[in-house]
Amino acid sequence: MVHQSYAKTNNIQYDTLPNKFSGTPSFCAKEPPADPNIPESLIPILMKRTKSSLDAWIGPLKSSGKRDSNWDVNYYTIPRDQQEKYDYTKCDVVISFLKSPPKGQNNVEILGLHYFRDGKNYIEIYYQGYGICETRTDVATYWYSCQQDSPKLIVAMEAILRHELGHSMGLGHYVSDEVLYHFGSGHPSSIMVPILDVINSPTHVPIDPELLEIMPVDLDKIRQIYGNGGWGNQKKSELITQQSETKTIQLKGKTIIEKISGAIPKNMYKKDQRLDVVLTKPDGNTKSYKVAVSSTGKYTYSFIIPDSMTPGKYSITLKYTGDELRKIPYEIISLRK
């Protein structure tokens, strides 16, 4: 990637990606495997830096957003011994640390990768010993990957992770013909500049990865994608109650259990928030129940119908945070005379 310092115009292109969160996202970070290429002493630091890299995005979004905006995230660390059997269905973003990048990358030593597959984001960070280097000339700035020592490497990996997290939120690359250094401060204009482009260069001059920061233009782009309300907040007026057809239950001399299962829309899910179930009887009286909701938003309610239940028309209404999600009418009949 070359940035011309003598350009009189400043053409900026900041693309977005098709992947987009539809509610409070869950980020799952996998602890790196045991490997002599990464010291065990660095792993706790690396996992802590992983969380701080996510916080570097979320903190400014929260502090500058509306009071009722939803920029919350769920964050899970997955230890080595749990990774094989872990329930990844609750993860919107899976972060992995691997030794080497995929095969087929000719003459390119990449540090990180983001891809979107089957509705889920995947981020891979590679600890192969490469960092970010820079070469400057009178007219251009070159960035490429190069060898780094371990202390520098973990900082470089953190910078790349912030970049890849931006991709998971829907940001593409920020491309400009400007020199990306303002008045000698050394800060690129965006964390989303395509820093993994490799340019053949005669010298390897290290760049401080700490200069790769999330900039105001990046936060503005996130707000442009999702709006000031946060991750795909759905207005109450846009909610449509699912109205089921009347289900007829015939009393047969024994208790009947009717299972009602479903999932809370991702944009509505709140941790530890229970589902309200309201049973309306034929005489108009109601009875309410609280039902637990799993961390993936799933719920199951058992409608118990004893043989002694009074025949007539009933209905079950499911509500979440005060909003009506689903209404199921029942007609209980008995053949007894």
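Readers should treat all values here as calculations from the given coordinates under stated rules, not as data from a laboratory. From a predicted model like this one, the values you see are computed outputs, not experimental measurements. In this analysis, Cβ positions are derived from the backbone assuming ideal geometry, glycine residues included, and neighbour counts consider all displayed protein chains.
With neighbours defined as other Cβ atoms within 10 Å of a residue's Cβ, the residues Ser288, Ser189, Ser100 order from fewest to most as Ser288, Ser100, Ser189.
Over 28 Å apart at the Cα level, from the set Lys48/Lys270; Lys51/Lys221; Lys62/Lys327; Lys51/Lys271; Lys254/Lys287; Lys266/Lys327, are Lys62/Lys327.
Compared with the alpha-carbon gap, the fully stretched path from Asp35 to Asp220 is longer by 62.7 nm at 0.36 nm per residue. Residue separation of Asn228 and Thr286 scaled by 0.36 nm, minus their Cα-Cα distance, works out to 17.0 nm of gained length.
Evaluate E = 1/(1 + (r/R0)^6) for Ile45 and Arg80, where r is the Cβ-Cβ distance and R0 equals 22 Å; express this FRET efficiency to the nearest 0.05. Using R0 = 22 Å, I get an efficiency of 0.85.
Between Lys120 and Glu258, the FRET efficiency from the beta-carbon distance, with R0 = 35 Å, is close to 0.60.
This ranking places Met47, Met157 by how few other beta-carbon atoms lie within 10 Å of each, fewest first, which gives Met47, Met157.
Local charge sum around Pro33 (other residues, Cβ-Cβ under 9 Å, Lys/Arg +1, Asp/Glu -1)?
Details: positive: Lys30, Arg80, Lys99; negative: Glu31, Asp35.
That works out to +1.
Measuring from a point 7 Å past the Cα of Lys327 along Cα-to-C-beta, which residues in region 284-299 have an amide N at less than 16 Å? The answer is 284-287, whose backbone nitrogens lie closer than 16 Å to the label point.
In this structure, Glu213 and Leu98 have a Cβ-Cβ separation that, at R0 = 25 Å, corresponds to a calculated FRET efficiency of about 0.50.
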